[in-house]
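Encoded as structure tokens, the structure appears first; notes follow it.
The values are calculated or read from the model by the stated rules, or taken from the named source; none is laboratory data. Remember, it's a predicted structure, so these values are computed and weren't measured experimentally. Positions of Cβ are generated from backbone atoms using ideal geometry, with glycine treated the same way; all protein chains shown enter the neighbour counts.
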Amino acid sequence: TEAHLTAVEAARPLNAYTVETPEKALAMADASDARLAKGEAGPLEGIPLAIKDLFCTEGVESTAGSHILKDFKPAYESTVTANLWRDGAVMLGKVNMDEFAMGSSNMTSTYGGVVNPWRRNGSDEKLVPGGSSGGSAAAVAARCALGATGTDTGGSIRQPASFSGVVGLKPTYGRCSRWGIIAFASSLDQAGPMARSVRDCAILLRSMAGFDAKDSTSVDVAVPDFEQALTGDVRGLKVGIPKEYRVDGMPAEIDSLWQQGIDWLKAAGAEPVEISLPHTKYALPTYYIVAPAEASSNLARYDGVRYGLRVEGETLDEMYEATRGAGFGDEVKRRILIGTYVLSAGYYDAYYNKARQVRTLIARDFKAAYETVDVILTPTAPSAAFAMGANMDDPVAMYLNDVFTVPASLAGLPGISVPAGLSMDGLPLGLQLIGRAFDEETLVRTAGVLE
Ligand code: GLN
């Protein structure tokens, strides 16, 4: 813990941590020592972790990267973080993220962007770590946490893992409790681990997961020992290669990384099978209707009355307006506008209801594919990390980053991103595996061969 606290301090220029909690960390580490001495060590005893600022942590600022939650200190702990502390983990602090987890660059945070520890060969240009879990990815990549929590609504664990050269696992929807995680799009939000290896992610997930009566969408299924799944044996495994993911304009280096992944799995005895997921091209527009719709509803609670910021006004309505106007950033306002539009009486059927129907078709595509294959292999993102500030005035270009990650989110399926190679200019690139619902074990087993 001490070594990591020193590393956290040294890495301050990356802007990964929003709050450092050294006193808490040392106290937790002392308690760990005491349990170790008594022979009562938990599975994560003494392991120092970074916590995404979307998780409510008791008495410690939890702001979702938003000015509107400035100084908000929850009176309770999220289930996922409570599970980690129960198993002995130590909290180093809270880490930066896109505001309310809306973004793919970490640039929408009220705390400013996070700097990716990686640079292009021969260049000093600062790059984004991806988002929205950009602080988590950078903290792990810069060795100032052994692991981190992330959340993934449409790719926010997997895409930053790919950009930062770490492993990120988005579990099946319902595997980890959403209780105490600040809501973005409730039918999509899912917590998961980010770490330096597949094994570390497997160990962390076991502690994070589990049924929780406080989350009505938590699923009561057994939590396996995911680490045991790391057998290295993928002989006979059928790996689906979806042809619709060969999108126009995919850079050659992404395509060849994908081929490399197929070849590695083949060499290990797995069988690649070309499959079709015909509704893939509708996933991005569907996501960018469903997610803002749910966000517009979830974010209605930030009204200046109950949490964080209040900007006074003459009347109650003026107070709401002034608070929300000053408290939310541009991307969050954009999502609220889109969300309220697609939910409004005249447009509900044309947009929101249509999107829900297409979402079902996307889920059915996967269901049909899993009748013939065990797991699906794709690239994680269509590019390597880009420069800080790039894509900022072009939301659609930013949204295109999620093209490979949103389908699994809409279907509620588990996905993992594994660092699998480097771009021509030396940046990490990830491959994504998508599994059957509640079959994270096959993901872990297959990812172990790719890493
Ligand atoms: N980049 C996507 C978005 O902006 C996904 C974010 C996420 O998974 N939280 O909505």
Worksheet item: What are the residues in region 152-202 that are within 14 Å of the ligand (Cβ to nearest atom) and of a type in the set (Asp, Glu), if any?
Response: Asp152, Asp189
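Working carefully through the options Leu429, Leu422, find the one that is without any contact (Cβ under 8 Å) to a residue 40 or more places away in the chain and of a type outside the set (D, E, K, R).
Leu422
Can you find even one residue in region 260-278 that is more than 16 Å from the ligand (Cβ to nearest atom), modelled with pLDDT under 95 and either more than 27 Å from Gly103 (Cβ to Cβ) or in contact with a Ser or Thr (Cβ under 6 Å, 6 or more places away or on another chain) (or both)?
Within region 260-278 (the criterion being more than 16 Å from the ligand (Cβ to nearest atom), modelled with pLDDT under 95 and either more than 27 Å from Gly103 (Cβ to Cβ) or in contact with a Ser or Thr (Cβ under 6 Å, 6 or more places away or on another chain) (or both)), the answer is no, since none of the residues qualifies.
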Practice prompt. With the condition kept exactly as written, say whether any residue in region 309-330 is part of a helix (DSSP H, G or I) and within 16 Å of Ala411 (Cβ to Cβ).
Written response: no
Worksheet item: In region 377-409, what residues are surrounded by 17 or more Cβ atoms within 10 Å (Cβ to Cβ) and on the phi > 0 side of the Ramachandran plot?
Response: Asn391
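Let's see how each residue does on (1) in contact with a strand residue (DSSP E or B) (Cβ under 8 Å, 6 or more places away or on another chain); (2) at pLDDT below 95; (3) loosely packed, with under 15 Cβ neighbours inside 10 Å:
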residue	(1), (2), (3)
Ala10	no, no, yes
Asn15	no, no, no
Ala29	yes, no, no
Ile47	yes, no, no
Thr57	yes, no, no
Worksheet item: If a residue has to be over 16 Å from Arg196 (Cα atoms) and of a type in the set (Val, Ile, Thr) to count, how many in region 418-438 make the cut?
Response: 1
Item to complete: Scan region 422-445 residue by residue and report those that are within 20 Å of the chain's Cα centre (by Cα), of a type outside the set (D, E, K, R) and not in a loop (DSSP other than H, G, I, E, B).
Response: Pro428, Leu429, Gly430, Leu431, Gln432, Leu433, Ile434, Gly435, Thr442, Leu443, Val444
Item to complete: Of the conditions (1) within 11 Å of the ligand (Cβ to nearest atom); (2) over 13 Å from the mean Cα position of the chain (by Cα), Ser123 clears all except one; give me its number.
Response: (1)
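Mind checking which residues of region 279-309 are more than 16 Å from the ligand (Cβ to nearest atom), farther than 23 Å from Val396 by Cβ and touching a residue at least 40 places away in the same chain (Cβ under 8 Å)?
Result: Tyr302, Tyr307, Gly308, Leu309.
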Response to the item:
Among (1) among the small types (Gly, Ala, Ser); (2) buried (at least 19 other Cβ atoms within 10 Å of the Cβ); (3) closer than 30 Å to Pro43 by Cβ, Gly232 falls short only on (2)
Worksheet item: Of all residues in region 250-278, which are farther than 15 Å from Ala420 by Cα, surrounded by 20 or more Cβ atoms within 10 Å (Cβ to Cβ) and in contact with a Leu (Cβ under 9 Å, 6 or more places away or on another chain)?
Response: Ala270
Practice prompt. Determine whether region 360-378 contains at least one residue that is within 15 Å of the ligand (Cβ to nearest atom) and of a type outside the set (A, V, I, L, M, F, W, C).
Written response: no
Worksheet entry | Test result for Ala368, within 30 Å of Met392 (Cα to Cα), in a helix (DSSP H, G or I), without any contact (Cβ under 8 Å) to a residue 60 or more places away in the chain and of a type in the set (A, V, I, L, M, F, W, C) | no
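Matching residues to (1) in contact (Cβ under 8 Å) with a residue 40 or more places away in the chain; (2) in contact with a strand residue (DSSP E or B) (Cβ under 8 Å, 6 or more places away or on another chain):
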site	(1), (2)
Thr21	yes, yes
Leu26	no, no
Asp33	no, no
Thr63	yes, yes
His67	yes, no
Arg86	yes, no
Ala89	yes, yes
Met97	yes, yes
Gly113	yes, no
Item to complete: Name every residue in region 391-417 that is assigned to a helix (DSSP H, G or I), among the β-branched types (Val, Ile, Thr) and near the ligand (Cβ under 10 Å from one of its atoms), in order of residue number.
Response: Val406
Worksheet item: In region 392-421, which residues are under 15 Å from the mean Cα position of the chain (by Cα) and among the hydrophobic types (A, V, I, L, M, F, W, C)?
Response: Val403, Phe404, Val406, Ala408, Leu410, Leu413, Ile416, Val418
